[in-house]
Every structure is written in structure tokens, then in C-alpha cells.
Amino acid sequence: MFSVVARHRGEAVGMARIVGDKVLYLLIVDVAVHPDHQGRGLGRRMIDELTRWTSANGTRSTMLVAGPDVVPFYEALGFRPDPGRLMKRP
């Protein structure tokens, strides 16, 4: 549905994208920032851009899957754990 790519001196150093139906649900996937560029707010800016897009398009719900180590990062951006919604098949 929508994606962002962060570049530094012409090189991709971060990316994130949204998949889904655009109406009811969207899922943020593949959020990645090169280790040399982490801790500088790049991930936050990319998620902000994705959530601005979801708001502008009237999406009912935006979800993501977060490992325990990044839950605080996403909570600071307004996401809340919802254990009953997403499932994983290994």
C-alpha cells in the first residue's frame, strides 16, 4: 500500500512499508534501519510518515508485530499491545 525509504548520501539506510486492504486494516512490516544509522530518530520518522499516511486514508486500524525488545519504541509512538489480534505461524 505504502512505503518509505530513508537515504543517506544516495544510499538506502532505512525502510518501512504497509500492507493491507487500506480500508479496515493495515499492517506495518519490514521496518529496518542500518545499524550505523540507529539511535538518530530515523525509525521514528519513518513510522510517523506511515501513520500520517494511514490517518490521511481513513484506515480503521494499523497494526504491527513487535519483538519484546522494541515494544517500548512502538509504545512511545502510540501503539498498544493487543495480544488477541495477531497470530504467528512458525
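Using the structure shown, decide if Ala56 is without any contact (Cβ under 8 Å) to a residue 40 or more places away in the chain and under 17 Å from Gly20 (Cβ atoms).
On the way: without any contact (Cβ under 8 Å) to a residue 40 or more places away in the chain: yes; under 17 Å from Gly20 (Cβ atoms): yes.
So Ala56 fits the description; yes.
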Q) Can you pull out the residues in segment 39-49 that are in contact (Cβ under 8 Å) with a residue 40 or more places away in the chain and closer than 13 Å to Tyr74 by Cα? A) Met46
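When you scan segment 11-19, do you find a residue that is of a type in the set (D, E, K, R), out of contact with any Gly (no Cβ under 6 Å at 6 or more places or on another chain), surrounded by 13 or more Cβ atoms within 10 Å (Cβ to Cβ) and touching a residue at least 40 places away in the same chain (Cβ under 8 Å), even just one? Reasoning before the result, please.
Start the filter on segment 11-19 by keeping residues that are of a type in the set (D, E, K, R), which leaves 11, 17.
From what's left, out of contact with any Gly (no Cβ under 6 Å at 6 or more places or on another chain): 11, 17.
If we keep only those that are surrounded by 13 or more Cβ atoms within 10 Å (Cβ to Cβ) as well, we get 17.
This time we only want the ones that are touching a residue at least 40 places away in the same chain (Cβ under 8 Å), so: none.
Taking every residue of segment 11-19 in turn, none turns out to be of a type in the set (D, E, K, R), out of contact with any Gly (no Cβ under 6 Å at 6 or more places or on another chain), surrounded by 13 or more Cβ atoms within 10 Å (Cβ to Cβ) and touching a residue at least 40 places away in the same chain (Cβ under 8 Å).
In the set Asp30, Asp21, Asp36, which member is more than 16 Å from Leu77 (Cβ to Cβ), within 8 Å of the chain's Cα centre (by Cα) and acidic (Asp, Glu)? Talk me through it step by step, then tell me what you get.
Numbers: Asp21 fails: within 8 Å of the chain's Cα centre (by Cα); Asp36 fails: within 8 Å of the chain's Cα centre (by Cα).
Step by step, each of Asp30, Asp21, Asp36 is checked, and only Asp30 is more than 16 Å from Leu77 (Cβ to Cβ), within 8 Å of the chain's Cα centre (by Cα) and acidic (Asp, Glu).
Can you tell me which residues in segment 32-44 are within 17 Å of Glu11 (Cα to Cα) and either not in a helix (DSSP H, G or I) or not hydrophobic (A, V, I, L, M, F, W, C) (or both)?
Taking segment 32-44 and keeping what is within 17 Å of Glu11 (Cα to Cα), we get 32-38, 40, 42-43.
Across segment 32-44, the qualifying residues are Ala32, Val33, His34, Pro35, Asp36, His37, Gln38, Arg40, Gly43.
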Q.
I'm trying to understand the selection: among the residues of segment 2-37, which are among the aliphatic types (A, V, I, L, M) and touching a helix residue (DSSP H, G or I) at 6+ places or on another chain (Cβ under 8 Å)?
A. Val4, Ala6, Val13, Met15, Ala16, Ile18, Leu26, Ile28, Val31, Val33
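Tell me, yes or no, whether segment 66-76 has at least one residue that is surrounded by 11 or more Cβ atoms within 10 Å (Cβ to Cβ), assigned to a loop (DSSP other than H, G, I, E, B) and out of contact with any helix residue (DSSP H, G or I) (no Cβ under 8 Å at 6 or more places or on another chain). Steps first, answer last, please.
Initially, segment 66-76 is screened for residues surrounded by 11 or more Cβ atoms within 10 Å (Cβ to Cβ), giving 66, 70-71, 73-75.
Adding the requirement that they be assigned to a loop (DSSP other than H, G, I, E, B) leaves 66, 70.
Restricting the remaining residues to those that are out of contact with any helix residue (DSSP H, G or I) (no Cβ under 8 Å at 6 or more places or on another chain) gives 70.
Yes, segment 66-76 contains at least one residue that is surrounded by 11 or more Cβ atoms within 10 Å (Cβ to Cβ), assigned to a loop (DSSP other than H, G, I, E, B) and out of contact with any helix residue (DSSP H, G or I) (no Cβ under 8 Å at 6 or more places or on another chain).
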Q. Name the pairs whose Cβ atoms lie under 6 Å apart, with the first residue in segment 67-90 and within 17 Å of Gly39 (Cβ to Cβ), the second surrounded by 10 or more Cβ atoms within 10 Å (Cβ to Cβ) and modelled with pLDDT of 90 or more, and 6 or more positions between them or separate chains?
A. Leu77/Ile47
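The values are calculated or read from the model by the stated rules, or taken from the named source; none is laboratory data. None of the values given here were measured: they were computed from a predicted structure. Using ideal geometry, Cβ is built from the backbone for each residue, glycine included, and neighbour counts are taken over all protein chains shown.
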